[in-house]
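Quick note: the coordinates plus some simple rules give every number you see, no bench work behind them. What you see is a predicted model, and the numbers here were worked out from it, not measured in a lab. Neighbour counts run over all protein chains shown; Cβ positions are idealised from the backbone, glycine included.
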Amino acid sequence: MAPLPATRQTANLTPTGNDAGVTERTMTAKSYQDMVREAKTRVPEVTASDSMRIMREKPDTVMIDCREPNEAALGTVAGAVVIPRGLLEQNIERYAARDRKIIIYCASGNRSALAADSLREMGYQDAATMAGGFRAWVEAGGDVDA
């Protein structure tokens, strides 16, 4: 099935009680894949092998699993903190300071790209996404917690 073409949506915003200052804001609709592609241009992407090396060299690296609980129940990267994507922004500060190295993964690397981009916007300057996600980690022979 071919993706729908991008459309332009226009919203007329009128200040309360004053029609004189009407402004117009135009937004371009984006698909999920558009958003992932753009996020991957703004955040570093590391391989599973790179992630293993980084964790050895920087043991204070925070590995975050942003999959849903039912996915994480099947296994996680050893030592990873599970914070589902929908709860990441409100919970990240419990686990990582803004100056810590963070590697985020999901099942395949798409949700984690969006998550890392969101953390970048929050001021986390050393957040990366793991290419290929948990699948790549397992295929590379990484340690897994059941």
Inset, instruction - State the extension gain, in nm to one decimal, for the chain segment bounded by residue 140 and residue 28, taking 0.36 nm per residue of separation less the distance between their alpha-carbons. - result: 36.4 nm
Legend entry - Under the Karplus curve 6.51 cos²θ - 1.76 cosθ + 1.60, θ = phi - 60°, whole-Hz ³J(HN,Hα) for the stretch 97-106, x wherever Gly or Pro sits: 6, 5, 9, 7, 6, 10, 10, 10, 9, 10
Inset, instruction - Find the Cα radius of gyration of the stretch 33-145, compare it with 2.2 N^0.38 Å by division, and give the number to two decimals. - result: 0.94
Legend entry - Cβ charges +1 (Lys, Arg) and -1 (Asp, Glu), total dipole of the stretch 33-145, debye: 120 debye
Inset, instruction - Collect residues whose amide H, placed 1.01 Å from N in the peptide plane, falls under 5 Å from the amide H of residue 78; neighbours closer than 5 in sequence don't count. - result: 143, 144, 145
Legend entry - Other-chain or far-sequence residues with amide H under 5 Å of residue 127's (modelled H): 102
Legend entry - the stretch 92-146, dipole about Cα centre (Lys/Arg Cβ +1, Asp/Glu Cβ -1), debye to the nearest 20: 100 debye
Inset, instruction - Please report 143, 126 as a ranked list, fewest other C-beta atoms within 10 angstrom at the top and most at the bottom. - result: 143, 126
Inset, instruction - Find the relative contact order for the stretch 33-145 and round it to a whole percent, using C-alpha pairs within less than 8 Å whose residues are 6+ positions apart. - result: 36 percent
